[in-house]
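Novice: Quick one: the structure is below, questions incoming.
The values are calculated or read from the model by the stated rules, or taken from the named source; none is laboratory data. Every value quoted in this text rests on a predicted model; they were computed, and no experiment measured them. Quick reminder, even Gly has a Cβ in these numbers, built from the backbone with ideal geometry, and neighbours come from all protein chains shown. Keep in mind that these areas ignore ligands, DNA and RNA; they rest on the heavy atoms of the full protein, side chains included. Shrake-Rupley method; radii C 1.70, N 1.55, O 1.52, S 1.80 Å.
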Amino acid sequence: MDPNPNNNSYNSSEEPEQSLTPDEYRTLLEHIEDLEYGELDAAQIDKAVESIRNLSEFLIYGSKEQNSYFELFIERNILGIFSRILEKNCDEINTQLIQTTSILIQNIQKEQDSIYLLSHPFLNNLISHNFNLSEHGEIVDYLISFLKMLALRIDKNNVHFFYNIRFKNFPLYGTAVKLYNHSELMVRTAARTIALTLFRIGSQNIINAVLSLPHANYFPHLACELRDRWIKVDQNIISDLDAEDLRDELDDISDMLMYLQDIFNLNIPDLTIALSNSLLYYAYFPSLIGSLGCTSKKPDINSYSATIFFLTQTYDSIKEPLFINALSCGLFLQQIPIPYAKWIVNAIQPPKTYERTYAFRSEDIDLVRYVEENLSKNNIEGFINSEYPFLEQIQEEYQRLKEAKEEEEIDDTYDKSDENQREAIELVLSKLNYGELAKIKEAHLALSLSIGKPLGVWEGSKDYNYLSPTDFSEAILDSLYNDNFQSYLRKENFMTNKYSNTLLNFLRSKDDSLLLLIGGLLYKYSLSQTVDPALLFETKFYPIGNRKKSQLLHSLIDERDTEIKSTPKRSILNFEEEKTLISGSQRDKYEFESNIIRKSKGNFYDDKIMNMLLDLLRTDPPFRTTTLKLISVIACGLCYSKKGVDCLSIKQFDMLVDAFLKTIKNIKKLYSKKSLNIVFIDVFEKQWRAFKFIDHELLNKVIRSHWSLVPLYEEKYKSKLPAFLKLYENDLQELNNAIDQFLTLRYMIYYLKFKVDLTKPQNYPFEHEHRDVYDWNIGDVITEINKTLVLCNIQINNSLQMRYVVLDPEFFILIEPGFEGSNLKSIRVEIKAPLKTIDTQMDFRDKKRLHIGISELTETGEELYHPFIFHFESFHSCKSIKKTIDDNKKNQKKFLDALINSFFDQSINEVQDEDGI
């Protein structure tokens, strides 16, 4: 049977093969009742499986015929019998129990019968049963499909059937998430889907359960799994790189980030806090930020390129402000809270449950491990009453404790539950020695920090006064909005963030591959709509050059009144030992940005960072076009282009102009090459008309590509790199690269110095008066002919064919005539080539023959040469045609040389002219 729950429907519209009489039904029930007694041999097991399978057929048929089959099923408490059969741990029978239960739930239509199935204790017994998953792999598929089917049927009206209020237990969720690390992708995906589906219900009981032991490890597990996926990619990069494996591994990470964002999208505050802290505590702080120059431990990620790529991937995929702001604090603030530094440096071990497989057997657990993984104040009674031999003494003492409490004469209004819970926990912990208790406290503290609230032995403890990563980031944001962040920095609660310095110092690198990646990260960070503007201001990456284009901020900058809605926030302000809750703290982002902009001159960047960016633009030889584009977009975005505002210092403008002049010099050098001279105007026009200073689609494509992690000069992958990630390999590609760099720097100078936005339509500098010949294309048939035509014959395959040469000052054009009678009615363009691509040579053996060669430079930079032989009526005609072609070619070259040199000279003069354009 297919384990897919969608295939577990029984088609009751067809007549069953066997007659389903009441007598046969009773016989079937009697046989099922007998199964709970005694041991079963192989034949009996087969018969039992068949009986349980047939039961669903009877019940569904009975439901259709409106008979009393289901009433008898209830009366005989068959589900209770199923619970006892389940305990026999027979794999074949248990598999059939899952299948039959699934079929019944999906096909019983009567509401009260359906409620009975969902509410019976057997269902939770089946869900939480300790199946022999490692020994009977097929059962995993049926089990996970069954759990997924149930999860999709749960809503706020029936969720109480699956949640044990007394013991605060949620077996459906607990069983599903145990399969998070299953070897089969289908099972792992289904487990995640089940968790997400249950979260989406939004029941507070569910949220409380999943964020308490024993279920609270799920988010830390996800964080540790993400970390391990990073490590696997890193090992691929630093060993024998396999690009296909790299792509698949990065796709898996991307899918996981999308899943995490799906959880954030639920907008359930408790889950958002827990997931954010888990990711920061177990993955991002120690493994990514900690890999940026940490010397006190071996880094989890050895490749800086991999670290930066993962960070960029995160900013690209995750849009949850709580998480992104906390990450940004640790990554970009120059001063960070001391606990941040400790979490970054320390090698944080994952929960012990992380390495546990889905096939873990309960016999392997002892009291210490049981306490570490399950102790919860709110679930203490369920914790104590579990069926483990090592709990028997605790259960007896706990029962005596409860009885003694009940005999005490206490006011009826006094709530004893909290005291009972505390005493019960003390009873459990008294059975541990000092060393065991210390290890459990340490494990529960780590889990508490990662979830964002005290768990286990720390629940209700007066000694718990720790802050989680997001507590610090929210406090930092509040202090920035309240304009008192600097006062906190004067206290002994912060330290220099050497990891931020390491990250930004990568801008000094001359490694194109590393610069491409760091450029991608800064591009995503500075243009992020998720990062709080206060952080962008504080870290000197506020993208005023981009933000000011927004209509709202534009109105703020122009000091116009605009209605701005406030969003109330609650955060914890504390950098010392005690927590102080500030309620009603409000962060009005638009008002904050407006006030900062009004008070300033419009520049917020760090001169040191801007100098590094501008220095990269004048590097010789230049980097890839995409690398320079990222650097240019970041630098330009940090500047406020408005008349009366100096975007850059004189020194910085000189750096930019220097880069611009170097580019012009390089273009002129390339133009001097004959092969590029003949295509220069075409290449320049194509680049000019297609130019975009910011092409977000292309930049995102670059940033997300796994090829950006492949070293630029990796020989075996050099030919496979996509065009947008290649460095020029020939003169033509170098010319394209140089022209794009010229246009980019020209845009920056005109935008920042002259306040002219060159994204608006510009006149093409080499535009000339339109002539009808420009519209002629090879193969076109022309009927209106007003050109001078010279008769000739062209040699094709040892035969001569009549053609005409069109005399034109810019092109060599050969046409095939179309006659009607003796009259020339039309012509077909056979050859059309710019004169600059033409070479002519007289045939000294036959002076009526002219050899004409046409040069062509392909997009790959390959030079092609196409030779032709033409026969004219006379030597004079042949010589005249050659002279006309040569003279026109020479004149055309002089004209273009003058035009091009004039344009570049004018460009140089404009950028050096203090008075502007």
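Novice: Please go through the residue pairs Lys232/Lys441; Lys673/Lys889; Lys668/Lys890 and name each one whose alpha carbons sit more than 22 Å apart in this structure. Walk me through the numbers on the way to the answer.
Specialist: Numbers: Lys232/Lys441 31 Å; Lys673/Lys889 16 Å; Lys668/Lys890 19 Å.
In this structure, Lys232/Lys441 lie more than 22 Å apart at Cα.
Novice: Also, I was wondering about something else. With the dipole of the chain worked out from charges on the C-beta (+1 for Lys and Arg, -1 for Asp and Glu) around the Cα centre, which of Pro350, Asn888, Ala283 lies farthest toward the positive end?
Specialist: So the residue furthest toward the plus end is Asn888.
Novice: Accessible area per residue for the chain in Å², computed with a 1.4 Å probe and the full protein assembly in place, what is it? Mind showing how you got there, number by number?
Specialist: Numbers: 43110 Å² over 917 residues.
Accessible area per residue: 47 Å².
Novice: Need the full-extension length gain, Met258 to His770, defined as separation in residues times 0.36 nm minus the C-alpha distance. One decimal, nm. Before the final figure, lay out each step's value.
Specialist: On the way: separation 512, 0.36 × 512 = 184.32 nm, distance 5.31 nm.
Extra length from Met258 to His770 when fully extended: 179.0 nm.
Novice: Rounded to the nearest 20 debye, what is the charge dipole size of the chain about its Cα centre when +1 sits on each Lys and Arg Cβ and -1 on each Asp and Glu Cβ? Walk me through the intermediate numbers first.
Specialist: Values: 104 positive and 136 negative charges, 1223 e Å.
Magnitude of the dipole: close to 5880 debye.
Novice: Can you tally the net charge around Phe875? Count Lys and Arg as +1, Asp and Glu as -1, for every other residue whose Cβ sits under 15 Å from the Cβ of Phe875. Each step should come with its number before you reach the end.
Specialist: Working: positive: Arg845, Lys847, Lys848, Arg849, Lys879, Lys882, Lys883; negative: Asp843, Asp846, Glu873.
So the surrounding residues net to +4.
Novice: Continuing with this model, one more query. Kindly state, to the nearest 0.05, the FRET efficiency for Glu24 paired with Gln112, given R0 = 22 Å and r defined as their beta-carbon distance.
Specialist: Values: r = 25 Å, r/R0 = 1.14.
After rounding, the FRET efficiency stands at 0.30.
Novice: Ignoring any ligand, DNA or RNA, what whole percent of the accessible area of the chain comes from carbon and sulfur when the probe is 1.4 angstrom? Present the calculation step by step, with values, prior to reporting the outcome.
Specialist: Working: 20080 of 43110 Å².
Carbon and sulfur atoms account for 47 percent of the accessible area of the chain.
Novice: Now a separate question. Report the gain in length on full extension from Glu816 to Ser128: 0.36 nm times residue separation, minus Cα-Cα distance, nm rounded to one decimal. If you can, show how the numbers build up before the last one.
Specialist: Values: separation 688, 0.36 × 688 = 247.68 nm, distance 8.56 nm.
That works out to 239.1 nm of additional length.
Novice: Now for a different question. For the residue pair Lys589 and Arg422, what label-to-label distance in nm results when each label sits 7 Å from Cα along the Cα-to-beta-carbon direction?
Specialist: Distance between the two pseudo-spin positions: 4.3 nm.
Novice: Residues of the stretch 803-818 with backbone nitrogen within less than 16 Å of a virtual label 7 Å along the Cα-to-Cβ line of Ser874, please, listed as ranges.
Specialist: none
Novice: Using a simple charge model, +1 on the beta-carbon of Lys and Arg, -1 on the beta-carbon of Asp and Glu, nothing else, what dipole does the stretch 815-876 show about its Cα centre, in debye to the nearest 20?
Specialist: Details: 8 positive and 11 negative charges, 72 e Å.
With only Lys, Arg, Asp and Glu charged at Cβ, the dipole is about 340 debye.
Novice: Between Met186 and Ala347, what is the spin-label point distance in nm, taking each point 7 Å from the Cα along the Cα→C-beta axis?
Specialist: Taking the two extended label points, one gets 3.9 nm.
Novice: May I pose another question? Sort 269-280, 794-805 by the packing proxy (mean of other Cβ within 10 Å over each peptide's residues), most packed first. Walk me through the intermediate numbers first.
Specialist: Details: 269-280: 23.2, 794-805: 13.8.
Ranked by mean Cβ neighbours within 10 Å, highest first: 269-280, 794-805.
Novice: Looking at the stretch 833-872, which chymotrypsin sites (Phe, Trp or Tyr not before Pro) are in a loop (DSSP not H, G, I, E or B) and have at most 13 other Cβ atoms within 10 Å?
Specialist: Working: sites: Phe844, Tyr865, Phe868, Phe870, Phe872; in loops: Phe844, Phe872.
Counting only loop positions with at most 13 other Cβ atoms within 10 Å, the chymotrypsin sites (Phe, Trp or Tyr not before Pro) in the stretch 833-872 are Phe844.
Novice: If you don't mind, there's one more thing I want to ask. What angle, in degrees between 0 and 90 and rounded to the nearest 10, separates the Cα long axis of helix 607-617 from the longest principal axis of the Cα atoms of the chain?
Specialist: Tilt relative to the chain: about 50 degrees.
Novice: Moving to a separate point now. Tell me the angle of helix 650-671 to the major Cα principal axis of the chain, expressed in degrees between 0 and 90 and rounded to the nearest ten.
Specialist: It works out to around 60 degrees.
Novice: While we're on this one: At a Förster radius of 56 Å, what calculated FRET efficiency corresponds to the Cβ-Cβ distance of Lys498 and Lys674, to the nearest 0.05? Working shown, then result.
Specialist: Numbers: r = 54 Å, r/R0 = 0.96.
FRET efficiency, Lys498 to Lys674: 0.55.
Novice: Provide the net charge surrounding Ile785, with neighbours chosen by a C-beta distance below 11 Å and charges set as Lys +1, Arg +1, Asp -1, Glu -1.
Specialist: Here the count lands on 0.
Novice: Taking R0 as 45 Å, what FRET efficiency do you get between Lys890 and Asp242 from their Cβ-Cβ distance, rounded to the nearest 0.05?
Specialist: Details: r = 56 Å, r/R0 = 1.24.
For Lys890 and Asp242, the calculated efficiency is 0.20.
Novice: Using a cut-off of 15 Å between alpha-carbon atoms, which aspartates and glutamates can reach Lys589, once sequence neighbours fewer than 8 places away in the same chain are excluded?
Specialist: The qualifying aspartates and glutamates are Glu474, Asp478, Asp483, Asp532, Glu538, Glu563.
Novice: What aspartates and glutamates does Lys720 reach when the alpha-carbon gap must be under 19 Å and sequence neighbours fewer than 8 apart in one chain are set aside?
Specialist: Excluding near neighbours in sequence, the set is Asp240, Asp242, Glu244, Asp245, Asp248, Glu249, Asp251, Asp512, Glu729, Glu734, Glu859, Glu862.
Novice: Would you please name the chymotrypsin sites (Phe, Trp or Tyr not before Pro) within the stretch 84-162 that are DSSP coil residues with at most 13 other C-beta atoms within 10 Å of their C-beta?
Specialist: Numbers: sites: Tyr116, Phe122, Phe131, Tyr142, Phe146, Phe161, Phe162; in loops: Phe131, Phe162.
Sparse-neighbourhood loop chymotrypsin sites (Phe, Trp or Tyr not before Pro): none present.
Novice: Rounding to the nearest 10 and keeping the result within 0 to 90°, find how far the Cα-based axis of helix 42-65 lies from the longest principal axis of the chain.
Specialist: Compared with the principal axis, the helix lies near 80 degrees.
Novice: Do the sum for the chain: with -39,500 (n - 2.57) for every DSSP H run of n ≥ 4, divided by all residues, what is the mean residue ellipticity at 222 nm, to the nearest 500 deg cm²/dmol?
Specialist: -16500 deg cm²/dmol
Novice: Here's something else I'd like to know. I'm spelling it out carefully: the read-out is percent of Cα pairs over 50 Å apart, the candidates are [x] 34; [y] 54; [z] 44, and one was derived from this structure. Which label?
Specialist: Among [x] 34; [y] 54; [z] 44, the one calculated here is [z].
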